[in-house]
Structures are given as C-alpha cells and as structure tokens.
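Bear in mind these aren't lab numbers, they're just calculated from the coordinates by the rules spelled out. Because the structure is a prediction, the values reported are computed rather than measured. Here the Cβ is made from the backbone with ideal geometry for all residues, glycine too, and neighbour counts use every protein chain on show.
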Amino acid sequence: MSLFGRLSGAGRDPEEQKHRVRQRERDQAWETALRNGAVPEFVKERLENTKAGRLPWVSTGSVGALVAQKTHGIQPVGMVSGNCWYHYGYSWTRGHYDGWHTAIDRMQREAALLEANAVVDVQMKVRRLEGAGADQMDYGVFGTAVRIGGLAPAQAPVVATVSALEFARLLESGILPVGLAIGAHFDWCYTYRNAGGFGTWWNQELSFLSEFMSGVRRTALSQLASDGARMGTGVLARVQFSELIHAESPENDPRERFLGRHIAFGTAVLHEPRHHAPLGVRAVFSAKDGKMTPAAATNEEII
C-alpha cells in the first residue's frame, strides 16, 4: 500500500474506522455543549439511566461512610465530574480561580441532572500536557452526587469537600454546607545569588524566601476567606498546598528567580456558634477502684 493510502486510512479495519467516526462526533458534541453551557446528549442519557437505576451508581466514598449514610437518609446517586483546560493570560492567580470554578459549575450541571441535593467528597486534580507549555493547565473535579431525604432536588447542588457522613453530621448540628471556597496565589521572587545567605556554605534560614512564601500563603488564605464570605460564615479548609520553584533566569540577568504558589480549598458553611448548645459527653463505663462499672450504676455523668 502506498504511503498516501496509509495516511488516508485506506485499508483500515472497518470497526476501527467506525470508532474514529464516533469519537469525532463525540468530540464535536462536547465542543458544542461546552460552548452553550450544557452537557452532550449521550451524557444526559447516561445520567438518566443512572438516576432510573438502569446503570449502577458509582461513589467516591468509603464502605464505612456508605453504611452510615443509610441511618442519615442520604442516598448516593452517582459520581459526577467536570473539567476545564485553561490558558493563563495576564494573571496565573485569576486563571487558577476561574479554571476551578468553571470545572465546578460543569460538575454541578451533571449533579442537577441526577436530581441531587449535593455533591460530597469532592476531589480536585490538576495536570499539564507534556509539551503544551507552562501557561495552561487542566482543572478536574469529581465527587459523589447524593440525595438527602426530605429535601427537594437543587438546580445548583451544594458542592463540598466533606464526606456524605460528615455532611449529614454538620446538618444535624445546625451547620449548613453551602459551597466550595477556593483561594490561590502565584508570585515571583527575585534576588541576587548571595543575598540573604543564598549560595553560601552556612546553615541558616533564607529569610527572604521565608518572608516571600509567608506573603504568598497569607494572600491565598485571604482569598479563601473572601470566597467563603460570599456564601457563608466560615470555611472548613481541608486541602492546602504550597510549592516553591527555582526558575531559570533570562540570559545576562544575575538575579535568581523563584515562583511561589499556595492553593487552598474548603467547604464554606453557614454557622452561628451562639445558637449551638455544648455537646454533653456521657460516661459509658466507670473505672473507679480498678473495676469497669456501667455508668448507669454510678453517679458520674461526665468523664
């Protein structure tokens, strides 16, 4: 077969050709759906089959959490996800925030099609494509869509990093999870090689980097608090990540360059401490006099 024939696909297995055609059609359907703020029809079909029980649901939670959910009126209905491949322009910090929130919005659309109230146990992943450049990144989120007994389906299900069981316990305590808060900050640090002890033989703190990274973290956490304030009164910051990268300097530039970043995620909650009674801790057994006596047979109320 000629080289042209090989490149044009002539002689390929018919099933392989059909698969390639279907893949192109799916890619086009995704492109159209994302442009219109929707999901493709084949995704809607899958979610409808999952909701109706014709397909098994998938959960990101543990076995223990699944068993405990039954006593709290929580039903897992399926795993949902969203992603956004984002290109950084004038601001890496702003791009990071926009990329995550776009992915979260897309995950919420899937959860709404499952008639869920919330998406719990949300996990967040980033990846770069080798050779694609440092100015772009894929933001991906996935979690378990759940229905909570007695509550109507939500148009925009609540997104939370806590597990389903933790979600239920927060509700029982009068604490309402209301969304996912994000804080991120990227910044550059420039210094001459021997400034502040960098490049010497001595064991010592590099104070200029300590101060630099402290400022990066404070800015990211301030953004986390501001993002959480849009939704609630507090943030359960479960995930925090810092990174300092030593970057190459341009030619003829004697300075050292460092890129620092800090990223924080958490579940925003509505919480009014004054409205909560303190939790009483009751004794189960008393160990007085070296004997294990049921607490009901003693006068002890608190351990």
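In what order do Val67, Val159, Val120 fall by count of nearby beta-carbon atoms within 10 Å, going from fewest to most?
Val67, Val159, Val120
Give me the aspartates and glutamates in straight-line cross-link reach of Lys51: C-alpha distance below 16 Å, same-chain residues under 8 apart excluded.
Straight-line reach from Lys51, under 16 Å: Glu41, Glu110, Glu115.
Around Leu55, which amide H atoms from residues at least 5 apart in sequence, or from another chain, sit under 5 Å from its own amide H, with H modelled in the peptide plane?
Excluding prolines and chain starts, which carry no amide H, the hits are Thr50.
Summing +1 for each Lys or Arg and -1 for each Asp or Glu, what net charge is found among the other residues whose Cβ lies under 11 Å from the Cβ of Asp121?
Neighbourhood net charge equals 0.
With a 10 Å Cβ neighbour count serving as the proxy for reagent exposure, in which order, fewest first, do His19, His271, His72 appear?
With the sparsest Cβ surroundings first, the list reads His19, His72, His271.
Fewest Cβ neighbours within 10 Å first, please rank Lys44, Lys18 accordingly.
Lys18, Lys44
Residues with amide H under 5 Å of Gly78's amide H, sequence separation 5 or more or different chain, H placed in the peptide plane at 1.01 Å from N; which?
Residues meeting the amide H criterion: Val58, Ala145.
With labels modelled as points extended 7 Å from the Cα through the Cβ direction, what inter-label distance (nm, one decimal) is found for Gln23 paired with Asn49?
For the pair Gln23/Asn49, the computed spacing is 2.1 nm.
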